[in-house]
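Please read the structure below before turning to the comments.
The values are calculated or read from the model by the stated rules, or taken from the named source; none is laboratory data. Every value quoted in this text rests on a predicted model; they were computed, and no experiment measured them. Cβ atoms come from the backbone with ideal geometry, glycine included; neighbour counts cover every protein chain shown. The accessibility values were calculated without ligands, DNA or RNA, using every heavy atom of the protein model including side chains. Shrake-Rupley method; radii C 1.70, N 1.55, O 1.52, S 1.80 Å.
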Amino acid sequence: MTEIIELQKLGADYLAGKKIVVVIGFFDGLHQGHQKIIGKCIQRAEKINGSSLVFTFDKPPLNVIKGSTHKKLITSFEEKLELIGRMGVDYIVTESFSRQFSMISPRQFCQKILLEKFHLKEIFVGSGFRFGYKGQGDEQYLKQFFLKHGVKVNIIPLYRIGDITVSSTNIRKFYGEGDIDKVKLLLGRKPCLWGMVEEGAKRGRGLGFPTANIGVGKKFVFPGDGVYLGEAELDKPGVLPCLVNIGNNPTFGNSDTQLEVFILDFNKSIYGAKIRVCFLKKLRREIKFSSPDQLKLQIEKDVRAAKNYFNIS
């Protein structure tokens with residue numbers, strides 16, 4: 001069972017004597033590269049009869065330093081912790097990243113946190129890892145600092161699948177292009193997002209295809225404009241096949257990007273419900289139609305294509 005601890009609540013002696021093997025990172029998306037490095041940490045801890053520890057943050061450090069949503073999130077903080085926990089890590093230590101935390105020097109980070117709080121025996125970081133004030137700490141700093149403390153520093157190279165580097169940056173790129181297959185490949189699972197069902201303009205209902213307007217906020221990344229085949233997951237009745245439209249509804253002249261879900265053969269009201277939407281395949285790009293009737297004809301085609309895909313008669 002994974003234990004989740006906030007850094008400020010971690011007592012100085014709590015982890016003493018446990019042969020802690022640490023892996024550090026923000027791990028947005030918990031993609032296959034992240035899974036590889038965390039997996040190595042867990043394996044090493046098991047080999048030395050120690051305990052594995054993931055140290056991570058609640059928000060991208062760059063968003064705090066730059067004071068903006070410089071990077072949109074692939075996964076929420078809560079989902080990230082859940083995914084890491086499923087891997088079987090012993091401890092997850094979290095820190096609410098702040099400007100004050102960003103001022104910590106590399107030496108303070110290594111001494112006060114890694115040594116005095118974690119009592120680490122070994123550490124894993126990804127290639128290009130930077131830490132401390134203005135990113136002054138790097139792989140070489142870790143090796144030099146921990147040499148005299150007998151702590152082994154493992155630098156794990158970036159993971160590649162074919163000619164593609166597995167990175168959060170590339171996942172955001174493929175999301176923007178609507179390339180669900182590549183996003184799925186890099187994540188190692190279906191790309192999904194959580195949101196709340198909100199009341200919309202009800203244009204879909206007027207066309208005979210009632211859609212659920214999903215509010216996902218502006219801090220999360222989602223696929224580029226288009227129509228997608230997907231799965232909608234609700235507490236009840238569970239996972240349902242759906243069509244997902246992302247865009248600004250150009251036929252009606254909207255300006256804001258919206259995410260709308262049409263659940264196949266479903267007619268219950270779900271306003272206010274929490275919903276998880278998973279993307280399976282891009283069906284087509286978003287199109288501006290000459291009239292609502294032309295749009296309705298296209299939606300009928302989309303529904304037929306979706307039913308064929310899901311083998312629904």
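Okay, here's what the table says:
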item	result
Any hit, segment 282-299, residues being in contact (Cβ under 8 Å) with a residue 40 or more places away in the chain, of a type in the set (A, V, I, L, M), over 27 Å from V221 (Cα atoms) and touching an Asp or Glu at 6+ places or on another chain (Cβ under 9 Å)	no
Residue check, V197 within 25 Å of the chain's Cα centre (by Cα) and farther than 23 Å from D28 by Cβ	yes
Candidate set from segment 200-218 (those that are in contact with an Asp or Glu (Cβ under 8 Å, 6 or more places away or on another chain) and at pLDDT below 80); member that is surrounded by the fewest Cβ atoms within 10 Å (Cβ to Cβ)	G200
Top-ranked residue of segment 44-59 - restricted to ones that are touching a helix residue (DSSP H, G or I) at 6+ places or on another chain (Cβ under 9 Å) and either in a helix (DSSP H, G or I) or not hydrophobic (A, V, I, L, M, F, W, C) (or both), ranked as modelled with the lowest pLDDT	K59
Residue match in segment 228-239 (condition: touching a residue at least 40 places away in the same chain (Cβ under 8 Å), closer than 30 Å to E79 by Cα and among the aromatic types (F, W, Y))	yes
Qualifying residue in segment 121-128 (condition: open to solvent by less than 20 Å² (accessible area, probe 1.4 Å), assigned to a strand (DSSP E or B), in contact (Cβ under 8 Å) with a residue 24 or more places away in the chain and of a type in the set (F, W, Y))	yes
One residue from T169, T211 being more than 21 Å from the chain's Cα centre (by Cα) and on the phi < 0 side of the Ramachandran plot	T211
Residue count for segment 73-116, restricted to those that are open to solvent by 60 Å² or more (accessible area, probe 1.4 Å), in contact (Cβ under 8 Å) with a residue 24 or more places away in the chain, outside any loop (DSSP other than H, G, I, E, B) and within 28 Å of K148 (Cβ to Cβ)	2
Given (1) in contact with a strand residue (DSSP E or B) (Cβ under 7 Å, 6 or more places away or on another chain); (2) closer than 24 Å to L193 by Cα, number of the condition F109 does not satisfy	(2)
Condition broken by K288, with the remaining ones in (1) modelled with pLDDT under 90; (2) out of contact with any Pro (no Cβ under 6 Å at 6 or more places or on another chain); (3) not hydroxyl-bearing (S, T, Y) satisfied	(2)
Test for F262: is it in contact with a helix residue (DSSP H, G or I) (Cβ under 7 Å, 6 or more places away or on another chain), surrounded by fewer than 18 Cβ atoms within 10 Å (Cβ to Cβ), over 16 Å from V216 (Cβ atoms) and among the hydrophobic types (A, V, I, L, M, F, W, C)	no
Residue match in segment 105-112 (condition: within 17 Å of the chain's Cα centre (by Cα), modelled with pLDDT of 95 or more and small (G, A, S))	no
Qualifying positions in segment 135-170 - part of a helix (DSSP H, G or I), closer than 18 Å to K112 by Cβ and open to solvent by 40 Å² or more (accessible area, probe 1.4 Å)	Y141, Q144
Residue match in segment 35-54 (condition: without any contact (Cβ under 8 Å) to a residue 40 or more places away in the chain, β-branched (V, I, T), under 24 Å from D138 (Cβ atoms) and out of contact with any strand residue (DSSP E or B) (no Cβ under 6 Å at 6 or more places or on another chain))	no
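Listed here are the residues, each with its yes/no results for (1) in a helix (DSSP H, G or I); (2) surrounded by 23 or more Cβ atoms within 10 Å (Cβ to Cβ).
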residue	(1), (2)
K18	no, no
V21	no, yes
F26	no, no
G29	no, yes
K36	yes, no
I42	yes, no
N63	yes, no
K71	no, no
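So that you can scan it fast, the table gives a plain yes or no per residue for (1) at pLDDT 90 or above; (2) assigned to a loop (DSSP other than H, G, I, E, B); (3) over 13 Å from V227 (Cβ atoms); (4) within 30 Å of the chain's Cα centre (by Cα):
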| residue | (1), (2), (3), (4) |
| --- | --- |
| N254 | no, yes, yes, yes |
| F279 | yes, no, no, yes |
| K282 | yes, no, no, yes |
| Q294 | no, no, yes, no |
| A306 | yes, no, no, yes |
| S313 | no, yes, yes, no |
